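Structure, as structure tokens:
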Amino acid sequence: MNQMTFLDKLSSTLLQHSDVELSNCLIVLPNKRAKVFLLESLKNHLEGTSFAPNISSIEDFIQDIAGLRSVDPVELLFEFYEVYLSVTEKIKQQSFEEFSTWAKTAIQDFNEIDRYLLGPAHVFSYLKDIEALKRWDLEAHNTTRLIDAHLEFWAKLPLYYESFYKHLKDKGIGYQGLIYREAVANLEKFTKSLTSQVYFAGFNALNQAEVKIFNYLAHENKAKIYWDIDEVFLKDSYHDAGLFIRRFRKEWKPFVNQDFEWIVNHFSETKNIEIIGTPKSIGQAKIVGTIIEKIQAENPKLEKTAVVLGDENLLLPVLYGLPESVEALNITMGYPSKNNPAQLLISKLFKLHINAKKRSEASYTFYYKEVLDVLNHPLVEPYCNAEEVVKIINNNNFTFFSNQKLFSLHEEKYPNSDNKFFELLFTRWDDSITNVLANLKEILLLIKSFLSTDDSEEKVTKAFLYSVFKIINKLTNYHETYNHIDSVTSLHAIYKQIIDLAEVSFEGEPLSGLQVMGVLESRVLDFENIIITSVNEGKFPAGKSQNSFIPYDVKKELGLPTFKEKDAIYCYHFYHLLLRAKNVWLLYNTDNEGIDAGEKSRFITQLEIEPQKNHMINSTIYNAVLPEKAHEPITIDKNDAILKRLHEIATDKGFSPSSLTNYIRNPLQFYMQRILRINEADEVEENIAVNTLGTIIHNALEELYEPYLNQFLALHHLEAMETRIEAVILKYFKQEYKEGEITKGKNLLAFEVAKRNVYNFLQLEKKSITDDGDAIKVLLLEASLNAEITIDSLPFPIKIAGKVDRIEERNGEIRIVDYKTGKVDGNSLKIVDFTDLTSDIKNEKIIQLLCYALMFENHELKQNKDVSAGIISFKNMKGGFLPFGLGKGKDSELLISKPILEDFKAELSKLILEIFNPDIPFKEKV
């Protein structure tokens, strides 16, 4: 038999009261959430047809007594600013962004003072005296302007409070505390006109105004009160879950003409409690999904299951972690706006446009990262149709560009396309705040139009959009009414201040499927299966947050709630969730480092050290499964398609020296680049990359030397080249770096480095001619060479092909020169013999040089001349030409003879046979 919930018990009791018509009952609950569940419970207990009772949340009920309407925090802030301006001298008035930094806290304190019916003058004089006492040793003439302004603020708080209170009351609106205070003042009049029987059900902590209202109505026989407290918590004088109700039971006897109801005995019943610790919040989200799958195996519909999030930020990870088998889902909780995807998009747009205007009022210059941040945003990327624009920005190194340039790029790639969305995102923001807000609203509405009405994920996205749309709407109304926002920058500052006050509300079907809720939304409700996340200190309970002007000791003396009372409220909620549950999972973060770190909650510890006889508690720590090996190297077997592709390379374009050394470095990388032809994704090079700088220097040297090919270099040739260095370097910078910025920052330094490298190289050439008397004739530049190798075990010749930077004739010998912009040590080009030449990547430069020599062996320009090959390192220019050498020390052979090439071909053949061997897979080197 199913256990009776609190709402079932309440329904049964109400229907047994034959002296009161159900339709004449007014049931007051802690929140609106429980109303639907109570109606369902009443429907299940009714045997016939009946009019439903009036069911109200406590806040709505208090508003009815007071005759005032509650307004949201954003509107309150704007109203308060109007009052502030009206009572503050113009010379001392703060801008809205300055004002809002303290006004939110002030409203919160006004709220507490009123809810607990304290004398505001007394509280504020107390605070002023405390601030004055902090500076008791300062004579009047020793104070600073800042101290005077600070003390003046405390002196003016009563004026702000009184003016704000009167202003709101005159408009028939108020914050919660004001409405509570007015409700108490209007209580007698309200009670006389009250015709319904009131039932207060499921309350725990009450403020002073609520205490007065409950007591008065109960004393006048107009109300009955039904608590929901377990005997275990009530009897234990130290148990925080019963802190408030123990106090009410003791102190309310003179006021309440009914027995104390209800004390239940459910907590000590049989319960399965799983306490699960796992590192990081994302681990908890994964475990929630696993638990839901387990529950669904027994009850696919999940009506009696709830996920309660101790940390609201965990909502999205939990939703993404739920199994696909969860068909019905109801989310009842507020989600912080700072993590709202729609809010993040609006923030990115503010940043993009404000910075564009700062950079250049005339050209409205965008920064590429800010543009890509917008275009790659999940609410933009699927609907904007701008993939080709992103490619152009990346391929051409656009760093800074005007919005007109961006539109022309889009038009170029998508001619005649009417892309209103793209236009709205990047159209220049003028100084009209009305236009900016209208633009933002249109963007949000357009995104909404792209979303499906059936998809559950897109319904969540719509809730995010609606939350931000309401804020933009309020800003529009505020600006039209008061006109205090004078620039886009101040609009952004105000937006940042008020967005934190806006929570996302979700809609769903509350009576079916899985319930996902926050802690406060769980009040009065009971579930068989409860999963609670983030049961850590600082999350559940929330901890010692002090967002108030009123110090702790003053709060304690005045009877205002401190963190002690707030912890007791959390304690009641926690244990109430467990009260009628049969299966409980408590998840917490074991990681004690990082943003969401924290120790295990005291509530878990209390369960463990004060176990009930029928509680089966099991504690588990879940860690990520660590394999025996941190990484298993990827292995690709050679199938027919791969062997066919290798044959195609060998007989068509050929293997380049760099591709062969790439294979030695990592066969998997060779497979990716040469077999699959996968290249690295293009990204904007904000700063010149090393390989780009190398390409620029190579191209510049080629152009400078090209007019003097096949003639002996003279000093005046090199001097003519020197005069062209800057122009040629600039040309290739623009060619390689395209639209990138080269006139400032690191790129300007790179430009100067390229110039200096080419200049130093020419000085080395001049020194060779003047000091050493070298006769230098450049024969080839960036020459494409190739050679074929015949390998007995392969039925086709292997082509080796590549580009050589420079081949020259120097003093009658041929030199093959490879430029390196990095640092090369001459010793790295020396080898004793060819043993294991192709098995060690440290020999890659030697292999490249010998491949060049092999390709040049049968070239018509060789003409039986001696050949050497080497490197000129731009970071080791003093080393000059660094030649390949075979043998030990000074006796090493620097000329590349036919026997040396034959020995090299034998080693190269072994490497090529390995590449073609079907039994040797491409295996990742780690």
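The values are calculated or read from the model by the stated rules, or taken from the named source; none is laboratory data. Just so you know, these numbers come straight off a predicted model, no measurement behind them. Here the Cβ positions follow ideal geometry from the backbone for every residue, glycine too, while neighbour counts run over all protein chains shown.
Taking segment 538-553 as the range and being within 30 Å of Asp129 (Cβ to Cβ), crowded, with 16+ Cβ neighbours inside 10 Å and of a type outside the set (Ser, Thr, Tyr) as the test, the residues that pass are Phe549, Ile550. Among the residues making up segment 318-337, a single one is of a type in the set (Val, Ile, Thr) and in a helix (DSSP H, G or I): Val318.
The residue that is nearest to Phe464 (Cα to Cα), among those in segment 308-342 that are of a type in the set (Val, Ile, Thr) and in contact with a Leu (Cβ under 9 Å, 6 or more places away or on another chain), is Ile331. Leu38 is checked against (1) part of a helix (DSSP H, G or I); (2) over 20 Å from Glu162 (Cα atoms); (3) touching a Phe, Trp or Tyr at 6+ places or on another chain (Cβ under 9 Å); (4) not acidic (Asp, Glu) and fails just one. What number does that condition carry? Every condition holds for Leu38 apart from (3).
Checked against (1) buried (at least 19 other Cβ atoms within 10 Å of the Cβ); (2) in a helix (DSSP H, G or I), Leu781 passes all but a single condition, namely (2).
Kindly establish whether Ile331 is of a type in the set (A, V, I, L, M) and under 28 Å from Leu375 (Cβ atoms).
So Ile331 does not fit the description; no.
Of the residues making up segment 447-464, those that are in contact with a Leu (Cβ under 7 Å, 6 or more places away or on another chain) and at pLDDT 90 or above are Ile447, Lys448. Output yes when any residue across segment 817-827 is more than 30 Å from Thr723 (Cβ to Cβ), outside any loop (DSSP other than H, G, I, E, B) and at pLDDT below 90, and no when none is. So far as segment 817-827 goes, yes, one or more of its residues are more than 30 Å from Thr723 (Cβ to Cβ), outside any loop (DSSP other than H, G, I, E, B) and at pLDDT below 90. Within segment 520-543, the set of residues being in a loop (DSSP other than H, G, I, E, B), closer than 27 Å to Phe200 by Cβ and within 26 Å of the chain's Cα centre (by Cα) comprises Phe540, Pro541, Ala542. For the residues Ser892, Ser839, Ser909, Ser897, the requirement of being closer than 20 Å to Tyr671 by Cβ and at pLDDT below 95 singles out Ser839. Set side by side, the residues Ile791, Ile769, Ile800 differ, and just one is part of a helix (DSSP H, G or I) and touching a strand residue (DSSP E or B) at 6+ places or on another chain (Cβ under 9 Å), which is Ile769. Might you let me know whether segment 864-882 holds any residue that is surrounded by fewer than 20 Cβ atoms within 10 Å (Cβ to Cβ) and over 30 Å from Val758 (Cβ atoms)? The answer is yes; a qualifying residue exists. Only one of the numbered conditions (1) of a type outside the set (Ser, Thr, Tyr); (2) assigned to a helix (DSSP H, G or I); (3) out of contact with any Ser or Thr (no Cβ under 6 Å at 6 or more places or on another chain); (4) farther than 25 Å from Phe233 by Cβ is violated by Leu607, and that is (4).
Put simply, of Val832, Val824 the only residue that is exposed (fewer than 15 other Cβ atoms within 10 Å of the Cβ) and aliphatic (A, V, I, L, M) is Val832.
For segment 544-551, the criterion of being without any contact (Cβ under 8 Å) to a residue 40 or more places away in the chain, out of contact with any Cys (no Cβ under 9 Å at 6 or more places or on another chain), more than 30 Å from Glu79 (Cβ to Cβ) and assigned to a loop (DSSP other than H, G, I, E, B) is met by at least one residue.
Just checking, does segment 425-435 include any residue being under 30 Å from Gly513 (Cβ atoms), at pLDDT 85 or above, of a type outside the set (A, V, I, L, M, F, W, C) and not in a helix (DSSP H, G or I)? For segment 425-435, residues under 30 Å from Gly513 (Cβ atoms), at pLDDT 85 or above, of a type outside the set (A, V, I, L, M, F, W, C) and not in a helix (DSSP H, G or I): absent. The set of residues in segment 893-909 that are surrounded by fewer than 15 Cβ atoms within 10 Å (Cβ to Cβ) and either part of a helix (DSSP H, G or I) or among the polar types (S, T, N, Q) (or both) comprises Ser897, Lys898, Pro899, Glu902, Ala906. Kindly indicate whether any position in segment 250-273 is part of a helix (DSSP H, G or I), buried (at least 17 other Cβ atoms within 10 Å of the Cβ), touching a residue at least 60 places away in the same chain (Cβ under 8 Å) and touching a Leu at 6+ places or on another chain (Cβ under 6 Å). Within segment 250-273, not a single residue is part of a helix (DSSP H, G or I), buried (at least 17 other Cβ atoms within 10 Å of the Cβ), touching a residue at least 60 places away in the same chain (Cβ under 8 Å) and touching a Leu at 6+ places or on another chain (Cβ under 6 Å). Note on segment 646-710: enclosed helices (runs of 4 or more DSSP H) holding 1 or more residues that are within 20 Å of Ile634 (Cβ to Cβ) and modelled with pLDDT of 90 or more are 657-665, 667-670. Within segment 103-125, being surrounded by fewer than 16 Cβ atoms within 10 Å (Cβ to Cβ) and in contact with a helix residue (DSSP H, G or I) (Cβ under 8 Å, 6 or more places away or on another chain) holds for Ala121, Ser125. Within segment 228-249, if we keep just the residues that are assigned to a helix (DSSP H, G or I) and aromatic (Phe, Trp, Tyr), the residue that is farthest from Val307 (Cα to Cα) turns out to be Phe248. Of everything in segment 41-58 that is under 42 Å from the mean Cα position of the chain (by Cα) and not in a helix (DSSP H, G or I), the residue that is nearest to Val519 (Cα to Cα) is Ser57.
Within segment 643-665, the set of residues being under 41 Å from the mean Cα position of the chain (by Cα) and crowded, with 18+ Cβ neighbours inside 10 Å comprises Ser659, Thr661, Asn662, Tyr663, Ile664.
Residue-by-condition table, conditions (1) buried (at least 17 other Cβ atoms within 10 Å of the Cβ); (2) of a type in the set (Val, Ile, Thr):
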| residue | (1), (2) |
| --- | --- |
| Val436 | yes, yes |
| Leu444 | yes, no |
| Glu480 | no, no |
| Asn483 | no, no |
| Thr489 | no, yes |
| Gln497 | yes, no |
| Ser512 | no, no |
| Val519 | yes, yes |
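Val211 - would you say it is buried (at least 16 other Cβ atoms within 10 Å of the Cβ), closer than 27 Å to Pro611 by Cα and not assigned by TED's automatic domain parsing to the domain that holds Gly119? No: the conditions fail for Val211.
For segment 761-778, taking the residues that are among the small types (Gly, Ala, Ser) and exposed (fewer than 15 other Cβ atoms within 10 Å of the Cβ), the one that is nearest to Ile807 (Cα to Cα) is identified as Ala775. Might you check whether a residue that is outside any helix (DSSP H, G or I) and either among the hydroxyl-bearing types (Ser, Thr, Tyr) or in contact (Cβ under 8 Å) with a residue 24 or more places away in the chain (or both) occurs anywhere in segment 835-851? The answer is yes; a qualifying residue exists. Taken across segment 454-469, residues that are of a type in the set (D, E, K, R), out of contact with any Phe, Trp or Tyr (no Cβ under 8 Å at 6 or more places or on another chain), part of a loop (DSSP other than H, G, I, E, B) and farther than 27 Å from Glu97 by Cα do occur, with at least one present. All of (1) touching a residue at least 24 places away in the same chain (Cβ under 8 Å); (2) surrounded by fewer than 18 Cβ atoms within 10 Å (Cβ to Cβ); (3) under 26 Å from Leu194 (Cα atoms) hold for Lys224 with one exception: (2).
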